[in-house]
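Enquirer: Got a structure for you, written out below as C-alpha coordinates; questions coming shortly.
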Amino acid sequence: MRLEIVDIGHGGVGIARHDGRVVFVRGAIPGEVVDVEVVSRQSKFFHANVVDVVEASPHRVEHPWAAGAAGVTGAADFGHVELAWQRKLKTDVVAHNLRRIGGQDLAEAIKPLRVEVRGVDSADGWGTRTRFDVVKMATGVGMYMERTNRLVPLDRMPLALPELEHLDLFGNAWDGVVAEGERMHVVCPASGPDVVVAGQTYTAPGRQADPFIHERAVTGADVFEYRISSGGFWQIHCQAPSVLLQAVLKGAAAQEGESVLELFSGAGLFTVPLARAVGERGSVFAIEGSERAVRDASVNLASMPWAKAEVARIDEGTVAGLRADVVVADPPRAGLGKKTAAQLARCGARRIVLVSCDPAAMARDVAELVANGRKVEAMEAFDIFPHTHHMEVVTALS
Ligand SMILES: C[S@@+](CC[C@H](N)C(=O)[O-])C[C@H]1O[C@@H](n2cnc3c(N)ncnc32)[C@H](O)[C@@H]1O
(Lines give C-alpha, C1' and ligand atoms only; values in the text may rest on other atoms or scores of the structure.)
Protein backbone atom coordinates (compact mmCIF):
# COMPACT_ATOMS: atom_id res chain seq x y z
CA MET A 1 0.00 0.00 0.00
CA ARG A 2 1.43 3.42 -0.97
CA LEU A 3 0.57 6.32 1.38
CA GLU A 4 1.22 10.01 1.80
CA ILE A 5 2.01 10.97 5.41
CA VAL A 6 0.01 14.07 6.27
CA ASP A 7 0.63 14.50 9.99
CA ILE A 8 2.29 13.19 13.17
CA GLY A 9 0.25 11.54 15.91
CA HIS A 10 0.49 10.31 19.49
CA GLY A 11 3.21 7.69 19.82
CA GLY A 12 5.25 9.36 17.06
CA VAL A 13 3.28 7.66 14.29
CA GLY A 14 2.89 9.15 10.84
CA ILE A 15 -0.77 9.66 9.92
CA ALA A 16 -2.14 8.80 6.49
CA ARG A 17 -5.59 8.07 5.03
CA HIS A 18 -6.62 5.15 2.86
CA ASP A 19 -10.15 4.23 1.70
CA GLY A 20 -11.80 6.30 4.47
CA ARG A 21 -9.57 4.81 7.17
CA VAL A 22 -6.77 6.37 9.16
CA VAL A 23 -3.46 4.52 8.90
CA PHE A 24 -0.90 4.98 11.70
CA VAL A 25 2.54 4.41 10.20
CA ARG A 26 5.62 3.65 12.33
CA GLY A 27 8.90 4.97 10.95
CA ALA A 28 7.44 7.67 8.66
CA ILE A 29 7.86 11.46 8.65
CA PRO A 30 5.11 13.95 7.67
CA GLY A 31 5.47 14.97 4.01
CA GLU A 32 6.80 11.58 2.92
CA VAL A 33 5.34 9.08 0.47
CA VAL A 34 5.96 5.55 1.72
CA ASP A 35 5.11 1.95 0.94
CA VAL A 36 3.86 0.20 4.06
CA GLU A 37 3.08 -3.22 5.43
CA VAL A 38 -0.13 -3.33 7.49
CA VAL A 39 0.54 -5.03 10.85
CA SER A 40 -2.95 -4.75 12.40
CA ARG A 41 -6.44 -3.92 11.09
CA GLN A 42 -9.35 -2.42 13.03
CA SER A 43 -12.63 -1.29 11.43
CA LYS A 44 -11.67 2.42 11.42
CA PHE A 45 -7.89 2.36 11.41
CA PHE A 46 -4.85 0.30 10.49
CA HIS A 47 -1.38 0.14 12.01
CA ALA A 48 1.47 -0.19 9.52
CA ASN A 49 5.26 -0.12 9.22
CA VAL A 50 7.30 1.55 6.48
CA VAL A 51 8.87 -0.96 4.09
CA ASP A 52 10.10 1.52 1.49
CA VAL A 53 10.48 5.30 1.36
CA VAL A 54 9.35 6.52 -2.06
CA GLU A 55 9.66 10.27 -1.44
CA ALA A 56 11.84 11.03 1.57
CA SER A 57 11.49 14.00 3.92
CA PRO A 58 14.48 16.38 3.82
CA HIS A 59 14.69 15.63 7.58
CA ARG A 60 15.25 11.88 7.09
CA VAL A 61 18.69 10.53 8.03
CA GLU A 62 20.11 7.04 7.83
CA HIS A 63 19.28 5.32 11.10
CA PRO A 64 22.59 4.80 12.91
CA TRP A 65 21.27 1.74 14.78
CA ALA A 66 19.13 -0.53 12.58
CA ALA A 67 18.09 -2.79 15.49
CA GLY A 68 16.58 0.22 17.30
CA ALA A 69 14.44 1.44 14.39
CA ALA A 70 10.63 1.65 14.39
CA GLY A 71 9.24 -1.70 13.27
CA VAL A 72 12.29 -3.55 14.67
CA THR A 73 12.77 -3.08 18.48
CA GLY A 74 11.59 0.55 18.38
CA ALA A 75 14.09 1.44 21.15
CA ALA A 76 15.20 4.40 18.99
CA ASP A 77 12.02 4.80 16.93
CA PHE A 78 12.89 8.41 15.90
CA GLY A 79 16.50 7.60 14.96
CA HIS A 80 15.64 8.08 11.25
CA VAL A 81 14.80 11.77 11.88
CA GLU A 82 17.27 14.68 12.29
CA LEU A 83 17.50 15.48 16.01
CA ALA A 84 16.22 19.08 15.67
CA TRP A 85 13.28 17.80 13.59
CA GLN A 86 12.50 15.10 16.19
CA ARG A 87 12.00 17.95 18.66
CA LYS A 88 9.85 19.91 16.21
CA LEU A 89 7.65 16.81 15.70
CA LYS A 90 7.36 16.29 19.48
CA THR A 91 6.41 19.97 19.88
CA ASP A 92 3.67 19.41 17.28
CA VAL A 93 2.46 16.34 19.18
CA VAL A 94 2.11 18.40 22.39
CA ALA A 95 0.10 21.09 20.54
CA HIS A 96 -2.09 18.50 18.77
CA ASN A 97 -2.91 16.70 22.00
CA LEU A 98 -3.75 19.93 23.80
CA ARG A 99 -6.17 20.81 21.00
CA ARG A 100 -7.61 17.32 20.35
CA ILE A 101 -8.03 16.27 23.98
CA GLY A 102 -7.96 19.53 25.94
CA GLY A 103 -10.08 21.44 23.44
CA GLN A 104 -9.64 24.64 21.46
CA ASP A 105 -9.95 26.94 24.52
CA LEU A 106 -7.15 25.15 26.42
CA ALA A 107 -4.93 25.11 23.32
CA GLU A 108 -5.49 28.85 22.85
CA ALA A 109 -4.83 29.56 26.55
CA ILE A 110 -1.50 27.70 26.39
CA LYS A 111 -0.39 29.04 22.99
CA PRO A 112 1.19 32.25 24.40
CA LEU A 113 3.49 30.06 26.55
CA ARG A 114 5.17 28.92 23.29
CA VAL A 115 5.82 25.39 24.54
CA GLU A 116 8.75 23.78 22.72
CA VAL A 117 10.27 20.38 23.38
CA ARG A 118 13.89 21.29 24.04
CA GLY A 119 17.04 19.22 24.28
CA VAL A 120 18.69 18.75 27.65
CA ASP A 121 22.13 17.67 26.42
CA SER A 122 24.49 19.56 24.15
CA ALA A 123 25.56 16.48 22.18
CA ASP A 124 23.74 14.46 19.55
CA GLY A 125 21.39 12.64 21.94
CA TRP A 126 23.18 9.28 21.60
CA GLY A 127 25.04 7.88 24.61
CA THR A 128 22.83 9.58 27.22
CA ARG A 129 20.95 6.76 28.94
CA THR A 130 21.94 5.59 32.39
CA ARG A 131 19.51 2.68 32.24
CA PHE A 132 18.20 0.15 29.74
CA ASP A 133 16.68 -3.32 29.80
CA VAL A 134 17.61 -6.32 27.69
CA VAL A 135 16.61 -9.98 27.77
CA LYS A 136 19.19 -12.74 28.12
CA MET A 137 19.34 -14.97 25.05
CA ALA A 138 21.05 -18.39 24.93
CA THR A 139 24.12 -16.42 24.00
CA GLY A 140 24.24 -12.63 24.23
CA VAL A 141 21.25 -10.37 24.86
CA GLY A 142 18.31 -9.03 22.86
CA MET A 143 15.27 -6.79 22.83
CA TYR A 144 11.78 -7.74 21.66
CA MET A 145 10.72 -6.88 18.15
CA GLU A 146 7.74 -4.50 18.35
CA ARG A 147 4.35 -6.25 18.70
CA THR A 148 6.00 -9.70 18.88
CA ASN A 149 7.64 -11.96 21.43
CA ARG A 150 10.58 -12.48 19.07
CA LEU A 151 13.96 -11.34 20.36
CA VAL A 152 16.28 -9.28 18.18
CA PRO A 153 19.92 -10.01 19.16
CA LEU A 154 21.93 -6.88 19.95
CA ASP A 155 25.59 -6.16 19.35
CA ARG A 156 25.45 -2.65 20.84
CA MET A 157 23.11 -0.15 22.51
CA PRO A 158 24.12 3.31 21.27
CA LEU A 159 21.50 5.13 23.37
CA ALA A 160 23.36 4.05 26.53
CA LEU A 161 26.25 5.91 28.15
CA PRO A 162 29.51 4.54 26.69
CA GLU A 163 30.71 3.77 30.26
CA LEU A 164 28.37 0.76 30.24
CA GLU A 165 30.44 -0.97 27.53
CA HIS A 166 32.80 -2.44 30.09
CA LEU A 167 29.96 -4.65 31.40
CA ASP A 168 30.56 -6.70 28.22
CA LEU A 169 26.86 -7.40 27.60
CA PHE A 170 26.86 -8.15 23.89
CA GLY A 171 29.19 -11.13 23.71
CA ASN A 172 28.95 -14.36 25.65
CA ALA A 173 30.37 -13.10 28.98
CA TRP A 174 26.99 -13.41 30.75
CA ASP A 175 26.12 -16.86 29.30
CA GLY A 176 25.55 -19.26 32.17
CA VAL A 177 25.46 -16.39 34.72
CA VAL A 178 21.96 -15.12 33.90
CA ALA A 179 19.32 -17.62 32.76
CA GLU A 180 17.98 -17.46 29.21
CA GLY A 181 14.79 -15.35 29.07
CA GLU A 182 15.62 -13.35 32.21
CA ARG A 183 15.39 -9.55 32.13
CA MET A 184 18.69 -7.71 32.69
CA HIS A 185 18.31 -4.15 34.01
CA VAL A 186 21.55 -2.31 33.21
CA VAL A 187 22.41 0.78 35.27
CA CYS A 188 25.14 3.42 35.23
CA PRO A 189 24.58 5.33 38.50
CA ALA A 190 25.87 8.87 39.11
CA SER A 191 28.44 7.47 41.54
CA GLY A 192 29.52 3.98 40.39
CA PRO A 193 29.87 1.11 40.11
CA ASP A 194 27.80 0.23 37.03
CA VAL A 195 25.55 -2.75 37.64
CA VAL A 196 23.38 -5.39 36.00
CA VAL A 197 20.29 -6.37 37.95
CA ALA A 198 18.97 -9.82 37.07
CA GLY A 199 17.54 -11.23 40.28
CA GLN A 200 20.88 -10.40 41.94
CA THR A 201 22.91 -7.23 41.45
CA TYR A 202 26.22 -7.75 39.60
CA THR A 203 29.15 -5.45 38.83
CA ALA A 204 30.61 -7.99 36.34
CA PRO A 205 29.57 -11.46 35.16
CA GLY A 206 29.25 -13.57 38.32
CA ARG A 207 30.49 -10.80 40.66
CA GLN A 208 27.60 -10.02 43.03
CA ALA A 209 27.35 -6.59 44.60
CA ASP A 210 25.48 -4.37 47.02
CA PRO A 211 21.80 -4.03 45.90
CA PHE A 212 21.91 -0.26 46.50
CA ILE A 213 23.32 2.45 44.24
CA HIS A 214 23.85 6.19 44.59
CA GLU A 215 22.30 8.87 42.39
CA ARG A 216 22.57 12.65 42.32
CA ALA A 217 20.62 15.72 41.14
CA VAL A 218 21.98 19.25 40.91
CA THR A 219 20.24 22.64 41.00
CA GLY A 220 22.59 25.62 40.93
CA ALA A 221 25.00 25.18 43.82
CA ASP A 222 22.86 22.51 45.52
CA VAL A 223 23.75 18.86 45.06
CA PHE A 224 21.26 16.27 46.32
CA GLU A 225 22.41 12.70 46.95
CA TYR A 226 20.13 9.65 46.96
CA ARG A 227 20.54 6.01 47.86
CA ILE A 228 18.23 3.82 45.81
CA SER A 229 17.64 0.13 45.16
CA SER A 230 19.56 -0.96 42.07
CA GLY A 231 16.42 -2.30 40.37
CA GLY A 232 14.20 0.63 41.37
CA PHE A 233 12.85 3.52 39.28
CA TRP A 234 15.11 6.45 38.44
CA GLN A 235 15.04 8.85 35.47
CA ILE A 236 16.96 7.31 32.55
CA HIS A 237 18.59 10.30 30.80
CA CYS A 238 21.81 11.38 32.51
CA GLN A 239 20.58 15.01 32.72
CA ALA A 240 16.92 14.25 33.51
CA PRO A 241 17.06 14.19 37.34
CA SER A 242 18.60 17.68 37.47
CA VAL A 243 16.55 19.15 34.60
CA LEU A 244 13.22 17.90 35.96
CA LEU A 245 14.11 18.83 39.52
CA GLN A 246 14.91 22.41 38.44
CA ALA A 247 11.60 22.69 36.55
CA VAL A 248 9.63 21.25 39.47
CA LEU A 249 11.28 23.54 42.05
CA LYS A 250 10.68 26.56 39.82
CA GLY A 251 7.03 25.60 39.22
CA ALA A 252 6.37 24.80 42.88
CA ALA A 253 8.24 27.83 44.32
CA ALA A 254 7.83 26.20 47.75
CA GLN A 255 8.54 28.61 50.62
CA GLU A 256 9.89 27.97 54.08
CA GLY A 257 7.14 26.80 56.42
CA GLU A 258 4.78 25.57 53.66
CA SER A 259 3.13 22.17 53.38
CA VAL A 260 3.78 20.03 50.30
CA LEU A 261 1.85 17.00 49.06
CA GLU A 262 3.81 14.89 46.61
CA LEU A 263 2.17 12.10 44.60
CA PHE A 264 4.08 9.31 42.80
CA SER A 265 7.24 10.32 44.66
CA GLY A 266 9.44 7.30 43.83
CA ALA A 267 12.69 7.22 45.80
CA GLY A 268 12.41 10.94 46.58
CA LEU A 269 14.04 12.78 43.65
CA PHE A 270 11.77 15.80 44.25
CA THR A 271 10.86 15.01 47.88
CA VAL A 272 14.32 15.64 49.31
CA PRO A 273 14.81 19.12 47.75
CA LEU A 274 11.17 20.06 48.51
CA ALA A 275 11.76 19.10 52.15
CA ARG A 276 14.91 21.26 52.19
CA ALA A 277 12.95 24.17 50.67
CA VAL A 278 10.14 24.15 53.25
CA GLY A 279 12.50 23.48 56.18
CA GLU A 280 11.62 22.15 59.61
CA ARG A 281 8.75 24.62 60.06
CA GLY A 282 7.12 23.11 56.97
CA SER A 283 6.04 19.59 56.01
CA VAL A 284 6.18 17.20 53.07
CA PHE A 285 3.82 14.25 52.71
CA ALA A 286 4.84 11.96 49.86
CA ILE A 287 2.71 9.08 48.55
CA GLU A 288 4.05 6.32 46.32
CA GLY A 289 2.80 2.87 45.33
CA SER A 290 6.06 0.93 45.43
CA GLU A 291 7.12 -0.30 48.88
CA ARG A 292 10.73 -0.55 47.75
CA ALA A 293 10.71 3.09 46.53
CA VAL A 294 9.19 4.27 49.81
CA ARG A 295 11.88 2.39 51.77
CA ASP A 296 14.50 4.22 49.66
CA ALA A 297 12.72 7.57 50.09
CA SER A 298 12.57 7.07 53.86
CA VAL A 299 16.37 6.57 53.94
CA ASN A 300 16.86 9.66 51.75
CA LEU A 301 14.60 11.72 54.05
CA ALA A 302 16.00 10.38 57.33
CA SER A 303 17.65 13.68 58.33
CA MET A 304 14.41 15.64 57.75
CA PRO A 305 11.69 14.29 60.07
CA TRP A 306 9.21 16.89 58.78
CA ALA A 307 9.06 14.90 55.51
CA LYS A 308 7.35 11.50 55.38
CA ALA A 309 6.80 9.01 52.56
CA GLU A 310 3.95 6.48 52.69
CA VAL A 311 2.93 3.53 50.54
CA ALA A 312 -0.51 3.81 48.94
CA ARG A 313 -2.16 3.23 45.59
CA ILE A 314 -3.06 6.71 44.37
CA ASP A 315 -6.56 7.37 43.04
CA GLU A 316 -9.29 9.93 43.69
CA GLY A 317 -10.02 8.29 47.07
CA THR A 318 -6.40 8.68 48.28
CA VAL A 319 -6.39 12.35 47.34
CA ALA A 320 -9.86 13.23 48.69
CA GLY A 321 -9.65 15.48 51.73
CA LEU A 322 -5.89 16.10 51.50
CA ARG A 323 -4.84 19.75 51.81
CA ALA A 324 -1.46 21.36 51.07
CA ASP A 325 0.05 24.69 49.98
CA VAL A 326 1.86 23.01 47.09
CA VAL A 327 1.18 19.75 45.20
CA VAL A 328 3.70 17.97 42.99
CA ALA A 329 2.57 14.91 40.99
CA ASP A 330 4.70 12.77 38.66
CA PRO A 331 2.39 9.92 37.59
CA PRO A 332 3.31 7.04 35.25
CA ARG A 333 2.25 7.09 31.58
CA ALA A 334 -1.46 6.71 32.37
CA GLY A 335 -1.39 10.11 34.08
CA LEU A 336 -3.58 11.18 36.99
CA GLY A 337 -6.89 10.25 35.40
CA LYS A 338 -9.89 12.58 35.25
CA LYS A 339 -11.28 11.84 38.71
CA THR A 340 -7.96 12.21 40.55
CA ALA A 341 -7.15 15.41 38.62
CA ALA A 342 -10.55 16.89 39.49
CA GLN A 343 -10.14 15.94 43.15
CA LEU A 344 -6.63 17.40 43.24
CA ALA A 345 -7.81 20.68 41.74
CA ARG A 346 -9.94 21.15 44.87
CA CYS A 347 -7.18 20.51 47.45
CA GLY A 348 -6.66 24.22 48.22
CA ALA A 349 -3.04 24.35 46.98
CA ARG A 350 -1.76 27.66 45.64
CA ARG A 351 0.40 25.70 43.20
CA ILE A 352 0.07 22.33 41.47
CA VAL A 353 3.00 21.01 39.46
CA LEU A 354 2.25 18.11 37.13
CA VAL A 355 5.08 16.12 35.53
CA SER A 356 3.76 14.13 32.56
CA CYS A 357 5.55 11.58 30.38
CA ASP A 358 2.61 11.06 28.02
CA PRO A 359 1.30 14.06 26.05
CA ALA A 360 -2.25 12.67 25.70
CA ALA A 361 -2.54 11.95 29.43
CA MET A 362 -1.02 15.38 30.10
CA ALA A 363 -3.64 17.13 27.94
CA ARG A 364 -6.48 15.25 29.65
CA ASP A 365 -5.14 15.92 33.18
CA VAL A 366 -4.39 19.61 32.54
CA ALA A 367 -7.83 20.06 30.94
CA GLU A 368 -9.46 18.50 33.99
CA LEU A 369 -7.48 20.68 36.41
CA VAL A 370 -8.43 23.78 34.40
CA ALA A 371 -12.10 22.70 34.19
CA ASN A 372 -12.03 22.56 38.00
CA GLY A 373 -10.80 26.11 38.48
CA ARG A 374 -7.03 25.91 37.92
CA LYS A 375 -5.00 28.12 35.57
CA VAL A 376 -1.88 27.07 33.64
CA GLU A 377 0.93 29.45 34.63
CA ALA A 378 3.85 27.71 32.92
CA MET A 379 4.53 24.66 30.76
CA GLU A 380 7.96 23.34 29.80
CA ALA A 381 8.71 20.30 27.65
CA PHE A 382 11.97 18.37 27.69
CA ASP A 383 13.55 15.89 25.28
CA ILE A 384 14.81 13.49 27.92
CA PHE A 385 14.29 10.56 25.52
CA PRO A 386 16.21 11.63 22.38
CA HIS A 387 15.82 9.41 19.29
CA THR A 388 12.48 8.13 20.58
CA HIS A 389 9.00 9.68 20.32
CA HIS A 390 8.86 10.13 24.13
CA MET A 391 9.10 13.44 26.01
CA GLU A 392 8.38 14.96 29.42
CA VAL A 393 6.13 17.95 30.12
CA VAL A 394 6.16 19.94 33.37
CA THR A 395 3.05 22.08 33.94
CA ALA A 396 2.65 24.58 36.79
CA LEU A 397 -0.90 25.62 37.66
CA SER A 398 -2.22 28.15 40.13
C1 LIG B 1 7.33 8.51 36.72
S2 LIG B 1 7.72 7.71 38.23
C3 LIG B 1 8.17 9.10 39.18
C4 LIG B 1 9.01 8.86 40.40
C5 LIG B 1 9.81 10.08 40.89
N6 LIG B 1 9.07 11.31 40.83
C7 LIG B 1 11.12 10.21 40.12
O8 LIG B 1 11.21 11.06 39.22
O9 LIG B 1 12.06 9.45 40.43
C10 LIG B 1 6.13 7.27 38.76
C11 LIG B 1 6.04 6.57 40.10
O12 LIG B 1 4.66 6.29 40.34
C13 LIG B 1 4.54 5.04 41.03
N14 LIG B 1 3.17 4.58 40.75
C15 LIG B 1 2.68 4.11 39.58
N16 LIG B 1 1.35 3.90 39.68
C17 LIG B 1 0.99 4.24 40.95
C18 LIG B 1 -0.25 4.26 41.67
N19 LIG B 1 -1.40 3.91 41.11
N20 LIG B 1 -0.24 4.68 42.95
C21 LIG B 1 0.93 5.07 43.53
N22 LIG B 1 2.12 5.09 42.90
C23 LIG B 1 2.15 4.67 41.63
C24 LIG B 1 5.67 4.20 40.47
O25 LIG B 1 6.06 3.22 41.41
C26 LIG B 1 6.77 5.25 40.23
O27 LIG B 1 7.64 5.33 41.33
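The values are calculated or read from the model by the stated rules, or taken from the named source; none is laboratory data. Note that the structure is predicted; figures quoted are calculated from it, not measured. Note that each Cβ is placed from the backbone with ideal geometry, even for glycine, and that neighbours are counted across all protein chains shown. Remember, those area values only see protein heavy atoms, side chains included, never the ligands or the DNA or RNA. Shrake-Rupley method; radii C 1.70, N 1.55, O 1.52, S 1.80 Å.
Enquirer: Any residue at all in segment 328-348 that is within 14 Å of the ligand (Cβ to nearest atom) and on the phi > 0 side of the Ramachandran plot?
Expert: There is at least one residue in segment 328-348 that is within 14 Å of the ligand (Cβ to nearest atom) and on the phi > 0 side of the Ramachandran plot.
Enquirer: Given the options Ser298, Ser283, name the one that is over 28 Å from Glu368 (Cβ atoms) and surrounded by 15 or more Cβ atoms within 10 Å (Cβ to Cβ).
Expert: Ser298
Enquirer: Here's a follow-up. Given the conditions (1) under 25 Å from Val196 (Cα atoms); (2) of a type in the set (A, V, I, L, M); (3) near the ligand (Cβ under 9 Å from one of its atoms), which single one is not true for Ile236?
Expert: (3)
Enquirer: Next question, about the same structure. Among the residues of segment 95-118, are any out of contact with any strand residue (DSSP E or B) (no Cβ under 8 Å at 6 or more places or on another chain), farther than 22 Å from Ala367 by Cβ and either part of a helix (DSSP H, G or I) or not assigned by the TED database to the domain that holds Val13 (or both)?
Expert: Within segment 95-118, none of the residues are out of contact with any strand residue (DSSP E or B) (no Cβ under 8 Å at 6 or more places or on another chain), farther than 22 Å from Ala367 by Cβ and either part of a helix (DSSP H, G or I) or not assigned by the TED database to the domain that holds Val13 (or both).
Enquirer: Within segment 275-308, track down each residue that is within 11 Å of the ligand (Cβ to nearest atom) and among the hydrophobic types (A, V, I, L, M, F, W, C).
Expert: Those that are within 11 Å of the ligand (Cβ to nearest atom) and among the hydrophobic types (A, V, I, L, M, F, W, C): Ala286, Ile287, Ala293, Val294, Ala297.
Enquirer: Moving on to the next point. Are any of the residues in segment 316-323 open to solvent by 40 Å² or more (accessible area, probe 1.4 Å), within 15 Å of the ligand (Cβ to nearest atom), closer than 21 Å to Ile384 by Cβ and of a type outside the set (Asp, Glu)?
Expert: No, every residue in segment 316-323 fails to be open to solvent by 40 Å² or more (accessible area, probe 1.4 Å), within 15 Å of the ligand (Cβ to nearest atom), closer than 21 Å to Ile384 by Cβ and of a type outside the set (Asp, Glu).
Enquirer: On to the next question. Taking the options Lys250, Lys338, name whichever one is surrounded by fewer than 22 Cβ atoms within 10 Å (Cβ to Cβ), within 22 Å of Ala360 (Cα to Cα), at pLDDT 95 or above and of a type in the set (Lys, Arg).
Expert: Every option except Lys338 fails the conditions.
Enquirer: Among the candidates Pro189, Pro193, single out the residue that is closer than 11 Å to Ser230 by Cβ and either open to solvent by 20 Å² or more (accessible area, probe 1.4 Å) or in contact with a helix residue (DSSP H, G or I) (Cβ under 6 Å, 6 or more places away or on another chain) (or both).
Expert: Only one candidate qualifies: Pro193.
Enquirer: If you don't mind, another one. What strands (runs of 3 or more DSSP E) completely inside segment 222-334 contain at least 2 residues that are in contact with a Cys (Cβ under 6 Å, 6 or more places away or on another chain), in the same structural domain as Met391 (by the TED database) and free of Cβ contacts under 8 Å to residues at least 24 places away in the same chain?
Expert: none
Enquirer: Name every residue in segment 1-23 that is under 18 Å from Arg100 (Cα atoms) and among the aliphatic types (A, V, I, L, M), in order of residue number.
Expert: Of everything in segment 1-23, those that are under 18 Å from Arg100 (Cα atoms) and among the aliphatic types (A, V, I, L, M) turn out to be Val6, Ile8, Val13, Ile15, Ala16, Val22, Val23.
Enquirer: Something else now. Taking Lys88 as the residue in question, decide whether it is in a helix (DSSP H, G or I) and either in the same structural domain as Pro359 (by the TED database) or touching a helix residue (DSSP H, G or I) at 6+ places or on another chain (Cβ under 8 Å) (or both).
Expert: Criteria not met by Lys88.
Enquirer: A further question on this structure: I'd like to know if segment 31-49 contains one or more residues that are part of a loop (DSSP other than H, G, I, E, B) and at pLDDT 95 or above.
Expert: The answer is yes, given that some residue of segment 31-49 is part of a loop (DSSP other than H, G, I, E, B) and at pLDDT 95 or above.
Enquirer: Mind counting the residues in segment 214-247 that are open to solvent by 60 Å² or more (accessible area, probe 1.4 Å), over 19 Å from the mean Cα position of the chain (by Cα) and closer than 24 Å to Val327 by Cβ?
Expert: Here the count works out to 2.
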